[in-house]
Amino acid sequence: MPDSPTKAVIRKRFPWGWVVLLALGLVMGGLYMAALRRPQKLAIAAPTLFKAGERNPLVSASGYIVARTRATLSSKVLGRVSKLHVQEGSRVSKGQILAELEAPDLEAQRLAVRAQLAQVELDLVRTDRLVKEGIADQASLDRLKNQKDALQAQLDYQKALLESMILRAPFSGVVTQKLSEVGETVAPGSAGGANAINAIVVLADFSTLEVEVEVSENGIAKLRKGMPAEIRVDALESLPDAKPLQGRLREIYPSSNRQKAVVVVRVAFEALDGRLVPDMGCKVTFLGDPYPGETMVLGREQVLRQKGQNLVWVLENGVAAQKPVSILSENPLGYEVKGLSRDARLLVVPPDLSLSPGTRVEVKER
């Protein structure tokens, strides 16, 4: 039976499209509300607490381990290396022979002068006897004495030349680099230090190891000679027994780098670790006066500034909440604050997450 005219009009005029859109809107709204009710998975962290008597970190800087006593050794004269008695890592004592240069011509000349000196000494003994007997004159005896002195001086000079062909350690230390091999020709260095030309070895005294760091000009005013410091060596941080090494500020260099706006500072170790070698990377924290009481420190990323207040996100009863804090001062670790409980559970909120107070939070492992 064909549809009645009334049904046709209803089917034509009823807004079925709007009904579908409304239904989709309700579904999307329900999903959005469900997403809002779904707890956020966030990690939590505890505030850093310093006990009374622990020192206040003032300035942090990065640098490298260097040896205060270090030398690039070259020969005094031009020559070819005939013997090399050390390798990288060799421990040597002061005066020990490190290398020798070829010197056959000097040896031959010295033997010839020694033979002449021996002959002059014999002639001197005979002439002295003849003078006493009245056969020879005193002038002949004086000429032989002068000849003997001249040959002895020549012999001493050649001995010094031969000693110059031997390279000795000027101090006790460790050979860190071997720059020449047997058979290579070397010459006196035209410049000292790392720029020495034709050098043979680099020697460092490991008992003088210290840390050289660059401190910004803004932080140098907080430092003073002799102040304590904590040294973290990058190469040792991954070890199970890793812990900061103790040191003291030994010297603040009296000059600044105008390009970097930094000042070089040297920090001496209180006790040396046998695993330390030059050029290891380090991070140094200079410590100020001890805290008079327990002090809480928060990271800079944990403190938010909203509407003139300093706030931190905490977890309370399973939901996110904001707590106001007062900033007392700033150090390399962050802000020293008060107004927060020591057992507060701080939320680690990613910078791209929009979090609202009252949002349910599910704790996740960091």
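Classify region 160-282 as rounded, prolate or oblate from the Cα gyration tensor: take a ≥ b ≥ c as the square roots of its eigenvalues, call it rounded if a/c is under 1.5, otherwise prolate when a/b beats b/c and oblate if not. Write down the numbers at each step before the final one.
Values: a/c = 2.55, a/b = 1.68, b/c = 1.51.
Verdict is prolate for region 160-282.
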Inter-centroid distance (Cα atoms) of region 114-182 relative to region 207-266, Å: 54 Å
Rg/Rh (Cα only; Kirkwood hydrodynamic radius) as it applies to the chain: 1.41
Residue among LEU155, ILE200, LEU298 farthest towards the positive dipole end of the chain, charges placed on Cβ: LEU298
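Set the Förster distance to 51 Å, then compute FRET efficiency between ASP343 and THR208 from the Cβ-Cβ distance, nearest 0.05. All intermediate terms of the calculation are to be shown ahead of the outcome.
Working: r = 47 Å, r/R0 = 0.91.
That pair, ASP343 with THR208, gives E of 0.65.
Taking the Cβ of GLY183 as the center, what net charge do the other residues with Cβ under 10 Å away carry, scoring Lys and Arg +1 and Asp and Glu -1? Don't skip to the end; give the middle numbers.
Working: positive: ARG80; negative: GLU102, GLU181, GLU184.
Combined, the nearby Lys, Arg, Asp and Glu give -2.
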Extreme residue, positive dipole direction of the chain, given options HIS85, ALA108, ALA321 (C-beta unit charges): ALA321
Estimated FRET transfer efficiency (LYS159, GLU184; beta-carbon r; R0 22 Å; 0.05): 0.30
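Do the sum for the chain: with -39,500 (n - 2.57) for every DSSP H run of n ≥ 4, divided by all residues, what is the mean residue ellipticity at 222 nm, to the nearest 500 deg cm²/dmol? Please list the in-between numbers first.
Working: 4 runs with 88 residues, N = 366.
Result for the chain: -8500 deg cm²/dmol, rounded to the nearest 500.
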Approximate spin-label separation ALA112-LEU272, in nm, with each point projected 7 Å along Cα-to-Cβ: 4.9 nm
Pairwise label distance in nanometres, ILE327 with LEU315, each label 7 Å out on the Cα-Cβ vector: 2.6 nm
Within region 292-353: Cβ-based charge dipole about Cα centre, in debye rounded to nearest 20 (Lys, Arg +1; Asp, Glu -1): 180 debye
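Would you list the membrane-span-like helices of the chain, meaning whole DSSP H runs whose alpha-carbon atoms span at least 24 Å along their axis and whose mean Kyte-Doolittle value is at least 0.5?
Correct list, ordered by number: 16-37.
What is the dipole size for region 71-204, taken about its Cα centre, with +1 at each Lys and Arg Cβ and -1 at each Asp and Glu Cβ, in debye to the nearest 20? Please report the intermediate quantities before stating the final value.
Working: 16 positive and 16 negative charges, 63 e Å.
Around 300 debye, computed over region 71-204.
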Segment VAL131-ALA242, length gained on full extension (0.36 nm per residue, minus Cα span): 31.5 nm
Region 71-204 - percent relative contact order, Cα under 8 Å, separation 6 or more: 47 percent
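If the viscosity is 1.002 mPa s and the temperature 20 °C, what Stokes-Einstein diffusion coefficient in µm²/s follows for region 71-204 when Rh is the Kirkwood radius over Cα pairs? Each step should come with its number before you reach the end.
Working: Rh = 17.4 Å.
Roughly 123 µm²/s, to the nearest whole number.
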Cα-projected label distance for TYR253 with ILE166, points at 7 Å along beta-carbon direction, nm: 3.8 nm
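My understanding is that a pair violates if its Cα-Cα distance is over 31 Å; which of LYS94/LYS148; LYS225/LYS260; LYS76/LYS260; LYS222/LYS243; LYS260/LYS307; LYS225/LYS323 do that in this structure?
Numbers: LYS94/LYS148 35 Å; LYS225/LYS260 22 Å; LYS76/LYS260 38 Å; LYS222/LYS243 25 Å; LYS260/LYS307 37 Å; LYS225/LYS323 40 Å.
The answer is LYS94/LYS148; LYS76/LYS260; LYS260/LYS307; LYS225/LYS323.
Let me check I've understood the local charge: for ARG224, count other residues with C-beta under 14 angstrom from its C-beta, Lys and Arg +1, Asp and Glu -1. What total comes out? The partial results should precede the final answer.
Values: positive: ARG55, LYS222, LYS225, ARG248, ARG250, ARG266; negative: GLU251, ASP289.
So the environment of ARG224 carries a net charge of +4.
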Mean separation of Cα contacts under 8 Å (6+ apart) over length of the chain, as relative contact order %: 26 percent
Cα gyration tensor shape for region 324-365, rounded if a/c is under 1.5, else prolate or oblate: prolate
Efficiency of FRET from Cβ geometry, HIS85 and GLU54, R₀ 56 Å, rounded to 0.05: 0.65
Eligible aspartates and glutamates near LYS83 by straight Cα distance, threshold 18 Å, same-chain separation 8 or greater: GLU100, GLU102, ASP105, GLU107, GLU163, GLU181, GLU184
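Quick note: the coordinates plus some simple rules give every number you see, no bench work behind them. Keep in mind that what you see is a predicted model, and the values were worked out from it rather than measured. A quick note on method: Cβ atoms are made from the backbone with ideal geometry, for glycine too, and the neighbour counts reach across all protein chains shown.
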